[in-house]
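Here's the structure, in structure tokens; my notes come after.
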């Protein structure tokens, strides 16, 4: 009986009227979109995969971290689906669908204002066995930070995310892809790991070795490298705690200096004669703290990539290049 009541509640939630904020967002989008784009915009937002955060705590995943306009996450999700669909897979297969066979694994997307208490079931490690037919599909992962989207591939997926982002840049530059409106940057996640000294150093070393072994990358002697570290949301958290040391006690690598030392150790373990060069690095080690939802307090997961210089900008700080040059973005806004 209780189960039947729960089903009724789920159905009721599913047919609730569109929130005013979301309706207004859609109306504003429609004003600037051509008819065929308006038709495409009715694509339903993919469901969050609530097993993903738990899996990220226990396994390394590749994927994409997308930065977007704040409060435009839904619009950016549709746009990212379109971009990745054209470059990576047929649009309908980019993200996990919500058909009957997968509903037990996926939960309906929540609005940004919704806050739910964690259940013990949410923290259980994700099953290691993944259905073969879903091997190539990505999951949409819920984050606690606005202006960010995270898409992940299943464990041990060998998709070259760096190559995909390179192709996105080429397509946007050539005009094969329309310049994105809501998505600003797409960071190719090569691996994820717990934000500990041991795991981060091992992950960096593994990715640097892969970079060095790639014959497409030409390296000089000594090899010049740089490191970038984004701790999105950590600064806000520190402001709410009386002593910043309490946060660092939980995770020493939240300290930028300690993180850079660990990254450098990982690089030098593979390329002993490497030197830091912030102006023209040949390889760039990027570390992104992932503000995951539904993980235990004190647990931190980082996305790590080793990228060629052509994909990054060094000023004002080391970062993945924007999909549209900032000068063009400003010009288009005026």
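The values are calculated or read from the model by the stated rules, or taken from the named source; none is laboratory data. All of these numbers come straight from a predicted model, not from anything done at the bench. Here the Cβ positions follow ideal geometry from the backbone for every residue, glycine too, while neighbour counts run over all protein chains shown.
Yes/no per residue for (1) closer than 13 Å to residue 227 by Cα; (2) buried (at least 16 other Cβ atoms within 10 Å of the Cβ); (3) in the same structural domain as residue 217 (by TED's automatic domain parsing); (4) modelled with pLDDT of 90 or more:
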site: 274; (1), (2), (3), (4): yes, yes, yes, yes
site: 285; (1), (2), (3), (4): yes, yes, yes, yes
site: 290; (1), (2), (3), (4): no, yes, yes, yes
site: 294; (1), (2), (3), (4): no, yes, yes, no
site: 300; (1), (2), (3), (4): no, yes, yes, yes
site: 318; (1), (2), (3), (4): yes, yes, yes, yes
site: 326; (1), (2), (3), (4): no, no, yes, no
site: 333; (1), (2), (3), (4): no, no, yes, no
Can you find even one residue in segment 277-293 that is assigned to a loop (DSSP other than H, G, I, E, B), in contact with a strand residue (DSSP E or B) (Cβ under 6 Å, 6 or more places away or on another chain) and closer than 24 Å to residue 163 by Cβ?
yes
Only one residue in 198, 178 is modelled with pLDDT of 95 or more and either part of a loop (DSSP other than H, G, I, E, B) or loosely packed, with under 15 Cβ neighbours inside 10 Å (or both). Which one?
198
Residue set 296, 272; condition free of Cβ contacts under 8 Å to residues at least 12 places away in the same chain and not in a strand (DSSP E or B); output residue 272
Checking residue 117 against (1) at pLDDT 90 or above; (2) more than 18 Å from residue 59 (Cβ to Cβ), which single condition isn't satisfied?
(1)
Would you mention how many residues in segment 223-245 are assigned to a helix (DSSP H, G or I) and either touching a helix residue (DSSP H, G or I) at 6+ places or on another chain (Cβ under 9 Å) or modelled with pLDDT of 95 or more (or both)?
4
Scan segment 302-316 residue by residue and report those that are assigned to a loop (DSSP other than H, G, I, E, B) and surrounded by fewer than 16 Cβ atoms within 10 Å (Cβ to Cβ).
315, 316
When segment 63-104 is checked residue by residue, the ones that are outside any helix (DSSP H, G or I), in contact with a strand residue (DSSP E or B) (Cβ under 9 Å, 6 or more places away or on another chain) and modelled with pLDDT of 85 or more are 63, 64, 65, 66, 67, 68, 69
